[in-house]
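Values in this text are rule-based calculations from the coordinates and carry no lab data. Please read all numbers here as calculations on a predicted model, not as lab measurements. With ideal geometry, Cβ positions are generated from the backbone for all residues, glycine too; neighbour counts draw on all protein chains shown.
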Amino acid sequence: MIGNVLKGSVPYDAAAVQKSIARVVFLSDLVSEGFPEISNIGEPDTKAKADIWTNRADFDKKVKDFQAHLVALQQVNDTEKDASEAFKTAANAVAQDCKACHDEYKVK
Ligand code: HEC
């Protein structure tokens, strides 16, 4: 949804964007809880690389950066209510976090 706004294929709608960000914020809390130490064993169909557990501090930092960028995006969206440059910059920062973490910790 936010990606489509950035591409310009969907018109900016403050309420829809806000809802979409709130969902990702909720999910981002589950990311850190979703990879407890114990789930490291016996999940053959996961795309999570074992590196998550061996590089735990780095993974946790990526989750934190991701959450911080999400909060920033939420604040920009609340004040700007527009697909402004500031909004696009904040949304791109979040998208970079998705990619950075997937590149390192998700099997393709
Ligand atoms: C801190 C790391 C991290 C961040 C940040 C992150 N992800 Fe992920 N994501 C993962 C990992 C690890 C998996 C694999 C989980 C598994 O298979 O158990 C995953 C899986 C997924 C999947 C399932 C796809 C598949 O190939 O099975 C989707 C969709 C996804 N992420 C979307 C996103 C989006 C969109 C964002 C940004 C808004 C994001 N993720 C941010 C780590 C992250």
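Before moving on, here are some points about what is shown:
- Stretch gain in nm, segment Gln18-Glu85, where the contour uses 0.36 nm per residue and the Cα spacing is subtracted: 22.5 nm
- Degrees separating the helix 14-34 axis from the principal Cα axis of the chain, which is the longest one: 10
- 10 Å binning of all Cα-Cα separations within the chain, expressed as whole percents from 0 upward: 14, 42, 27, 15, 2
- Peptides 67-74, 28-35 ranked from most to least packed give 67-74, 28-35, packing being the mean of other C-beta atoms within 10 angstrom over each peptide's residues.
- Among Asn77, Asn92, Asn55: highest mean-square fluctuation, GNM of the chain, C-alpha pairs under 10 Å: Asn55
- Options Val5, Val63, Ser20, ranked by Cα towards positive dipole end of the chain, top entry (Cβ charges): Val5
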